[in-house]
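Asker: Mind looking over this structure? Questions follow.
The values are calculated or read from the model by the stated rules, or taken from the named source; none is laboratory data. What you see is a predicted model, and the numbers here were worked out from it, not measured in a lab. Note that each Cβ is placed from the backbone with ideal geometry, even for glycine, and that neighbours are counted across all protein chains shown.
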Amino acid sequence: MREMNDVLRDGFEAHASALGAAGVDPGLGSGAARAAHRRRTRRAIGSGLGAAAVVGAVGVAAFAVGGDPAAPPAAVPAATSDAADCAALPYVAPNAAALGDAPYAFRAYVDLRADAVHPGVVVVLPDGTWSRLEPDAEGRYLYALDGQVYIVSWPREETGLDDMAMVVDHSTDGSAGGGDWDGVNPVVADYAWTVDIPADVPDGIDTALLSSTLRTGIGLGGLGYLGTSVPAGATTEAVVTTASGTTTTPMGEGSAMPPAADDTAVESVALRVSGLPGGGTFSIVAHHDLAGILDVACVDPAAEVAPDMSLTAGWEPGGGPAVEPSGSSPAPSVSLAE
Amino acid sequence: MTRWTGLVEELMRERGPRLVAYAALLVGRDGDAEDLVHDALVKVFSRPRRLSTVGEAEAYVRSTMPSIVIDRARSAASRRRARDRAFERPREAPDLDAGLDVRRALRGLSPRVQVCVVLRFFDDLTVPQIAQRLGIAEGTVKRYLHDAVAQLAPLLDVTADWDEEPRTVEVVAALERGR
């Protein structure tokens, strides 16, 4: 009588040989590569994250708009000469006006290439506070903020980070999204957007979750739609407004915002909740204005704050030393350079 | 063509049959196995990773498959996506005969149990390693394996006796210690 191990392995080898002779679906790999490419694109924080070229006096920069990689680049106004000067220190803070109530933590610039112009790992808070991180004994770049420890770069798992530059937005819910970066030019695409949250929020509406979902519609990354973000019985639609009209799309559980056919023509993107108890609707809206890109402020090179490494020393996932919430974030009084 | 897409192409060209065969052990049917390979490829290559050789890529893709199967079992939405893709296939190709008795026997198990059996008896993981990998208790893994072996033994004509640990010997650098 045979052993289970031998039977499984014999069955595997016979099957693999037969598959090799019959041939595996040639579209399997290419289809997966296309899907992976779409995910990488969606993970990009800004529409032009990877190639947001700042050309200053020329006045126009071309950047990829995400989605179909074969689509031609769109032309948008470039950042001002002030933003072009950020190339001296390219760590532009995330646009706080585009966050809404999203559970946002910080933006991380990771460029571990040996020949990088600005090598290292830098985190920037929405208020412009920024810190340069050093690796711990295990080569990890950890950052503590408001009592949470974030893995900004962990070479053992994100091993690709030492041969490419990336920008990653981290959220307080533990999620993160990012994309390629050229390591030199400031990331400014999110300055084209402003998110408005009404002051009066009906009971049962979670504006943090809705804001996170809304950001998926403006290329900034976020969580898929969760039905628990609205009261029971309510329904939510994505509303995309362009100069030529408005389209509405029902939001299903887990879905991201629908992509706009032409990003540059979008005037606003909204999530509209209907069927609220007592009637009425509630909307959060992201307004699009490419002129906003012209108003980007650089971080102040002199305003660097040293992170408290003692909060992350010896930290391990699911354990490690307790991090006290107070005093864990860098001082928020740093100003942005004009 | 980017470096990673070239690696995907090379991986499928050189190791595609082995990846599908491994996936078939986990899910039981050839068509479902191709879906699993697709999902594993997407999961692995959606993020930048240092995978420089086909061998490294094959190992990484294979290592992601068990958790995908478990996630599918947990997630109705994920199951729906897999089912939708199954419907998208123009015609269900019949499973290849080679090794079919093994796959037929395995697919009589629940997804979690099937994954445990493959990790233990094909990948030679220990019970604690399986428990850690799948995020379930060691006792649960042992129970799954005992029940599975009892079910599979008469179908595959294998012994119902098995060790909780693989029959491997850890090689210790005795000379180094003796210095």
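Asker: What's the number of the only condition in (1) surrounded by 19 or more Cβ atoms within 10 Å (Cβ to Cβ); (2) touching a residue at least 60 places away in the same chain (Cβ under 8 Å); (3) of a type outside the set (A, V, I, L, M, F, W, C); (4) closer than 22 Å to B:LEU125 by Cα that B:ASP30 fails to meet?
Answerer: Checking B:ASP30 against (1) surrounded by 19 or more Cβ atoms within 10 Å (Cβ to Cβ); (2) touching a residue at least 60 places away in the same chain (Cβ under 8 Å); (3) of a type outside the set (A, V, I, L, M, F, W, C); (4) closer than 22 Å to B:LEU125 by Cα, the one that fails is (4).
Asker: What's the number of the condition A:VAL195 fails, among (1) touching a Gly at 6+ places or on another chain (Cβ under 8 Å); (2) surrounded by fewer than 20 Cβ atoms within 10 Å (Cβ to Cβ); (3) of a type outside the set (Phe, Trp, Tyr)?
Answerer: (2)
Asker: Right, A:TRP181: buried (at least 24 other Cβ atoms within 10 Å of the Cβ) and over 26 Å from A:VAL240 (Cβ atoms) or not?
Answerer: It is true that A:TRP181 is buried (at least 24 other Cβ atoms within 10 Å of the Cβ) and over 26 Å from A:VAL240 (Cβ atoms).
Asker: Could you grab me the full set of residues in region B:28-39 that are within 8 Å of another protein chain (Cβ to nearest Cβ) and of a type in the set (A, V, I, L, M, F, W, C)?
Answerer: B:VAL37, the sole residue that qualifies.
Asker: Filter region B:40-72 down to residues that are buried (at least 24 other Cβ atoms within 10 Å of the Cβ) and within 12 Å of another protein chain (Cβ to nearest Cβ) and give me whichever is modelled with the lowest pLDDT.
Answerer: Among them, the one singled out is B:PHE45.
Asker: Would you point out which residue out of B:ALA33, B:ALA59 is farther than 20 Å from B:ARG103 by Cβ and not acidic (Asp, Glu)?
Answerer: That would be B:ALA59, the only listed residue that is farther than 20 Å from B:ARG103 by Cβ and not acidic (Asp, Glu).
Asker: Give the residues of region B:1-44 that are among the aliphatic types (A, V, I, L, M) and over 18 Å from B:GLU56 (Cα atoms), sorted by residue number.
Answerer: The answer is B:MET1, B:ALA24, B:LEU25, B:LEU26, B:VAL27, B:ALA33, B:LEU36.
Asker: Which of the residues belonging to region B:91-127 are away from every other protein chain (no Cβ under 14 Å) and modelled with pLDDT under 90?
Answerer: The answer is B:GLY108, B:SER110, B:PRO111, B:ARG112.
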